[in-house]
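Right, one structure below, let's go through it.
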Amino acid sequence: MKLAGKVAIVTGAASGMGKAISVLYAKEGAKVILADLNSEGAEAVVDEIVSNGGTAKAVKVNVAELTDIETMIDTAVSEYGTLDILVNNAGIMDSMEPVGDITDEKWDLIFDINTKSVMRATRKAMPIFLEKGKGVIINTASTGGLNGAHAGAAYGASKHAVVGLTKNTGFMYAEKGIRCNAIAPGGVETNIGSSIKNINEFGASRTQRAHAVMPRMGQPEEIATVALFLASDESSFVNGTVITADGGWTAAF
Ligand code: NAD
């Protein structure tokens, strides 16, 4: 097993990619803290993991709240004694608004959930990783964090910021045994569409131009295998970078 004895936290673990990552990590021997606002959904995934012989615990977390983030990291330590792998995966879409139509409130909401949470969880985990001289951080960015045509202004900017934070963290702690990488998924079949409220028709029509050349949608399990590679020692020399997993979509740009 590739993650035997490791302790992992996965945010946004009740659904989509976070769920698939949690299930795969547990199968590979990790003890997993499943953090999600949807605690019922997270509990259901824990039940699935435990019934297959794995070890996992659900924690109700709003990643936009500092105290929730801190409780999440503290729970890993109190339940399983340490933290080895932090997967900052929770995220929501905007409504495809271009900059002319974005409100301050929407911008702040998207950044609090998609970006600030990544900084806060990584900051809180860092003393644990520094003390051990070892640690892995994996951030779910997006191809929208590398290109301008996938969603609205706020989502694209929030994911570009995650890419920047990933690179900075990877470099800063490179000599401390800590690795930080991001995954940039293309279109993946999950429940993220339910976070799109009152879609902006103009913005959506612009993104359609880019979406039209997507070869196919991915499955969450196809992202989980990338997250397993990044969490395991097989990626020991991979640090401060972004792995795109999009079936070839953004090779077109
Ligand atoms: P999903 O909606 O299926 O899962 C996201 C999970 O995050 C849900 O369980 C939700 O309850 C949780 N969540 C949302 N807001 C939260 C909050 N404030 N606090 C705690 N949990 C919260 O979506 P997904 O597609 O699996 O999304 C996972 C990540 O992948 C996101 O960061 C998303 O931006 C990114 N992403 C998705 C796609 C795609 O096409 N699906 C593409 C690129 C990147």
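What follows is calculated from the coordinates using simple rules that are stated; it is not laboratory data. Note that this is a predicted model, so its numbers are computed, not measured. So basically every Cβ, Gly included, is an ideal-geometry build from the backbone, and we count neighbours across all protein chains shown.
Residue pairs whose Cβ atoms lie under 8 Å apart, sitting 6 or more positions apart in sequence or on different chains, and linking a residue in the stretch 45-68 that is among the polar types (S, T, N, Q) to a partner that is more than 10 Å from the ligand (Cβ to nearest atom) and part of a strand (DSSP E or B), are 55/31; 55/32. For the stretch 122-130, indicate whether the set of residues that are in contact with a Phe, Trp or Tyr (Cβ under 6 Å, 6 or more places away or on another chain) and surrounded by 21 or more Cβ atoms within 10 Å (Cβ to Cβ) is non-empty. Among the residues of the stretch 122-130, not one is in contact with a Phe, Trp or Tyr (Cβ under 6 Å, 6 or more places away or on another chain) and surrounded by 21 or more Cβ atoms within 10 Å (Cβ to Cβ), which makes the answer no. Only one entry in 71, 75, 82 is of a type in the set (Ser, Thr, Tyr), touching a strand residue (DSSP E or B) at 6+ places or on another chain (Cβ under 9 Å) and not in a helix (DSSP H, G or I), namely 82.
Quickly run through the stretch 1-43 and pick out the residues that are charged (D, E, K, R), in a loop (DSSP other than H, G, I, E, B) and over 13 Å from residue 56 (Cα atoms).
Scanning the stretch 1-43 gives a single hit, 2.
Within the stretch 190-216, the set of residues being assigned to a loop (DSSP other than H, G, I, E, B) and surrounded by 14 or more Cβ atoms within 10 Å (Cβ to Cβ) comprises 190, 196, 199, 200, 214. Of the residues making up the stretch 78-102, those that are over 30 Å from residue 176 (Cα atoms), β-branched (Val, Ile, Thr) and away from the ligand (no atom under 16 Å from the Cβ) number 2. Collect the residues in the stretch 2-29 that are without any contact (Cβ under 8 Å) to a residue 60 or more places away in the chain, more than 9 Å from the ligand (Cβ to nearest atom) and either touching a Pro at 6+ places or on another chain (Cβ under 6 Å) or on the phi < 0 side of the Ramachandran plot (or both), keeping them in residue-number order. The answer is 4, 22, 26, 27.
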